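Single-structure report; data block below.
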Amino acid sequence: MRVDIRKGFVDEPVDPELDLPKEIERLKKEKKAVILAHYYTTGEVQDIADFVGDSLALSQQAARTDAEIILFAGVHFMAETAKVLSPGKKVLIPDLNAGCSLAESCPADRFAAFRAAYPDHKVVAYVNTTVEMKALTDVTCTSSNAVQIVRSFPKEQKLIFAPDRNLGNYIKSVTGREDMVLWDGACHVHEEFSVERIAELKREHPRAKVLAHPECKAPVLLLADFVGSTAALLNFCGRDDAREYIVVTESGILHKMRRQYPDRTFIPAPPTDSSCGCNDCAFMKLVNLRKIYLTLKYELPEVVIDEEVRSRAERSIRAMLELSE
Ligand code: 13P
Ligand code: SF4
């Protein structure tokens with residue numbers, strides 16, 4: 001039977017009485033599949049996943065799984081990274097429309113022209129990039145290891161950092177590598193957080209600590225008690241004794257925080273324009289149980305990558321994994 005995925009996902013009626021978590025579990029076993037989910041997906045998606053993590057942990061997991069199928073509950077660049085690392089496995093994504101505004105802000109052809117102006121620079125690129133961009137990269141990084149990766153280059157080595165200008169500026173401030181050249185990209189979710197709204201929340205909750213993701217703008221990071229990747233923010237709570245936190249990143253992480261620390265209060269920081277509700281990543285929220293069920297059932301949509309591009313991209317991701325061991 002030919003399955004129509006022109007919408008970017010399988011769209012067929014599903015019996016509303018069907019117990020989706022149970023059916024997903026059954027299909028997973030039958031097909032030897034593993035579900036990897038990012039912290040920004042919805043709580044119900046995180047709850048049926050075999051592994052929930054940040055970008056670094058998910059790529060490490062994708063590199064070591066012995067499952068035959070990887071279903072990536074997250075955005076497209078994450079599923080691509082899994083396919084680059086496990087080319088012999090079938091990698092599925094529930095909705096091909098789950099992109100990333102940051103990855104899209106750095107098209108590989110424009111970046112290649114930009115890089116040509118800096119022939120003696122090495123390229124460090126955030127994992128939030130397309131596979132074609134990773135093929136132009138020397139070492140990939142995630143928000144967990146970006147500082148460590150940049151520090152792994154000798155001081156004299158000139159660097160380009162792409163695509164996130166906010167993470168790039170944060171790395172510059174921590175490492176003192178003022179001459180690092182930045183690509184001018186950003187994530188629409190993290191760019192929306194406002195100093196005024198966070199300061200207001202701090203006045204309402206004077207004891208709350210502010211936790212922020214390094215994709216936020218510099219003035220927002222200045223208000224933070226701790227800056228780190230999603231996993232680092234969670235781990236920080238484990239060694240900290242505050243009872244209240246203002247969380248300045250995508251709201252999906254609150255699910256895990258509240259589960260892991262039920263005796264504490266986590267307050268999501270509102271974006272500048274609260275009517276747009278955009279501390280949700282609309283791309284991550286495209287993934288739901290119905291799409292996961294249909295994706296497993298039909299093994300579609302599948303992530304397919306040109307082998308030449310894949311093998312060049314693999315070098316930059318493996319370089320990161322070796323440095324992060
Ligand atoms: P992490 O590295 O914390 O997983 O961040 C991924 C991401 O997309 C942030 O917007
Ligand atoms: Fe991309 Fe931003 Fe969504 Fe992360 S939160 S996946 S960087 S659009």
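The set of residues from the stretch 98-142 being surrounded by fewer than 22 Cβ atoms within 10 Å (Cβ to Cβ) and of a type in the set (Lys, Arg) comprises Arg110, Arg115, Lys122. Right, Ile149: touching a Cys at 6+ places or on another chain (Cβ under 7 Å), away from ligand 2 (no atom under 14 Å from the Cβ), closer than 24 Å to Gly53 by Cα and not polar (S, T, N, Q) or not? Yes; evaluated as a whole, the condition is true for this residue.
For Ala232, are the conditions met, namely being at pLDDT 95 or above, over 21 Å from the mean Cα position of the chain (by Cα) and among the small types (Gly, Ala, Ser)? Here the answer is no, as Ala232 does not meet what is asked. Taking the numbered list (1) away from ligand 2 (no atom under 16 Å from the Cβ); (2) buried (at least 20 other Cβ atoms within 10 Å of the Cβ); (3) of a type outside the set (A, V, I, L, M, F, W, C) in turn, Gly168 passes all entries but (1). Of the candidates Ala112, Ala103, the single residue that is touching a residue at least 12 places away in the same chain (Cβ under 8 Å), part of a helix (DSSP H, G or I) and within 16 Å of ligand 2 (Cβ to nearest atom) is Ala103. Name every residue in the stretch 246-260 that is under 15 Å from Gly43 (Cβ atoms) and either surrounded by 16 or more Cβ atoms within 10 Å (Cβ to Cβ) or of a type in the set (A, V, I, L, M, F, W, C) (or both), in order of residue number. Selection gives Val247, Glu250, Ser251, Gly252, Ile253, Leu254, His255, Lys256, Met257.
Pairs please, first residue from the stretch 236-252 and in contact (Cβ under 8 Å) with a residue 24 or more places away in the chain, second anywhere and aliphatic (A, V, I, L, M) and within 13 Å of ligand 2 (Cβ to nearest atom), Cβ atoms under 6 Å, 6+ apart in sequence or on different chains. The qualifying pairs are Glu250/Val189. For the stretch 15-35, a residue qualifies if it is exposed (fewer than 10 other Cβ atoms within 10 Å of the Cβ) and under 17 Å from Phe72 (Cα atoms), and exactly one does: Lys29. Consider the stretch 280-316 and keep the residues that are in a loop (DSSP other than H, G, I, E, B) and away from ligand 1 (no atom under 16 Å from the Cβ). The one that is farthest from Pro21 (Cα to Cα) is Asp306. Would it be correct to say that Thr272 is of a type in the set (Ser, Thr, Tyr), buried (at least 20 other Cβ atoms within 10 Å of the Cβ) and in contact (Cβ under 8 Å) with a residue 24 or more places away in the chain? No.
Each residue in the stretch 21-77 was checked for being within 16 Å of ligand 2 (Cβ to nearest atom), not in a helix (DSSP H, G or I) and not aliphatic (A, V, I, L, M), and 9 pass.
The values are calculated or read from the model by the stated rules, or taken from the named source; none is laboratory data. From a predicted model like this one, the values you see are computed outputs, not experimental measurements. Note: ideal-geometry Cβ built from the backbone for every residue, glycine included; neighbour counts use all protein chains shown.
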